[in-house]
Amino acid sequence: MSGKSPRITVFDLAARKGAGPPIVAATAYDAFHGHLLAESGLDIALVGDSLGMVVQGQETTLPVTLEEMVYHTRMVGRGVGGEAFLLADLPFGSYQSSPEQAVASATRLVKEGGAQAVKLEGGRDFIEHVVRIVRAMIPVVGHLGLLPQRVHAMGGYRVAGRSPAEAERILDEAHALVEAGIFALVVEGIPRELAARMTREIPVPVIGIGAGPDTDGQVLVLHDLLGWTSEKDRPRFARPFSDGRGEALRALAAYARSVREKSFPSDRESFHSLNE
């Protein structure tokens, strides 16, 4: 028998609601990232449309296409190898038009990308979309609060749910999404108090990003938590757990210096002919 851990399922994640350790998730965009997350024992590898900003250099997530999400999800899946739950974002323009479009796009992420579940942004406007995707036998994660795909409609990236009315609206939408069939909910950029209340009242796992410590789990962008992004580009809520950017810059500078000084490659790092 193989010593490989059994694959994490939606039921395993759902069972963590109010029990066991918090769910740990991070974004991943290629096989190398997926392998890193799996080897580190993280629960969820999220192939986020954030790749538009952190990988493609776009100003927002909006230009990311479904084809690109399928491609990156497939790569991450190879790296994860079943050791972490593979979750993929439905990108902007791939589900908003109709429930039929949403089902078709979600199906591609699962069938071609290998995703175990899909995540979509928005509340009451997309209840029927969620219902139809779930009916198509595809697990769905909701996403409320700060919605990057609505950056223009929201007037920029801002904390959501600060007013009592907006907080109630978000909570109401969370309940509606649960009724529609989501098995987990990501809440982004909302006050800690609102996230704590949602976690108490919502019967599915609530995973926070910029939502305080009282949720059922946390997710961060990999480049932020590894310290690959500069301080000016890193959100306030994203703690760097290493100086990845600094280490990379030091290593690249050392490599360049060694090449220019002709100390790399050394004789030991070189090949020789057979008669030498």
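The conditions are (1) touching a Lys or Arg at 6+ places or on another chain (Cβ under 6 Å); (2) crowded, with 20+ Cβ neighbours inside 10 Å, and Ala184 fails exactly one of them. Which is it?
Of everything listed in (1) touching a Lys or Arg at 6+ places or on another chain (Cβ under 6 Å); (2) crowded, with 20+ Cβ neighbours inside 10 Å, Ala184 misses just condition (1).
Please determine whether any residue of the range 7-16 is in contact with a strand residue (DSSP E or B) (Cβ under 6 Å, 6 or more places away or on another chain), at pLDDT 95 or above and either acidic (Asp, Glu) or farther than 14 Å from Gly217 by Cα (or both).
No, every residue in the range 7-16 fails to be in contact with a strand residue (DSSP E or B) (Cβ under 6 Å, 6 or more places away or on another chain), at pLDDT 95 or above and either acidic (Asp, Glu) or farther than 14 Å from Gly217 by Cα (or both).
Checking Gly217 against (1) in contact (Cβ under 8 Å) with a residue 40 or more places away in the chain; (2) more than 21 Å from Leu87 (Cβ to Cβ), only one condition comes out false. Which one?
Gly217 satisfies all of (1) in contact (Cβ under 8 Å) with a residue 40 or more places away in the chain; (2) more than 21 Å from Leu87 (Cβ to Cβ) except (2).
When only residues in the range 18-34 that are touching a residue at least 60 places away in the same chain (Cβ under 8 Å) and surrounded by fewer than 17 Cβ atoms within 10 Å (Cβ to Cβ) count, which is nearest to Leu51 (Cα to Cα)?
So the residue we want is Pro22.
Might you check whether a residue that is part of a strand (DSSP E or B), modelled with pLDDT of 95 or more and either acidic (Asp, Glu) or surrounded by 13 or more Cβ atoms within 10 Å (Cβ to Cβ) (or both) occurs anywhere in the range 262-269?
No.
Among the strands (runs of 3 or more DSSP E) contained in the range 136-241, which hold 1 or more residues that are among the acidic types (Asp, Glu)?
Hits in the range 136-241: 184-188.
Mind checking whether some residue in the range 242-250 is buried (at least 17 other Cβ atoms within 10 Å of the Cβ) and either in a loop (DSSP other than H, G, I, E, B) or free of Cβ contacts under 8 Å to residues at least 12 places away in the same chain (or both)?
no
When both residues are 6+ apart or on different chains and their Cβ atoms are under 7 Å apart, which pairs have a first residue that lies in the range 95-115 and is farther than 18 Å from Val47 by Cβ and at pLDDT 95 or above, and a second that is assigned to a helix (DSSP H, G or I) and of a type outside the set (A, V, I, L, M)?
Listed by first residue and then by second, the contacts come to Pro99/Glu128; Pro99/His129; Pro99/Arg132; Val103/Arg132.
The values are calculated or read from the model by the stated rules, or taken from the named source; none is laboratory data. What you see is a predicted model, and the numbers here were worked out from it, not measured in a lab. So basically every Cβ, Gly included, is an ideal-geometry build from the backbone, and we count neighbours across all protein chains shown.
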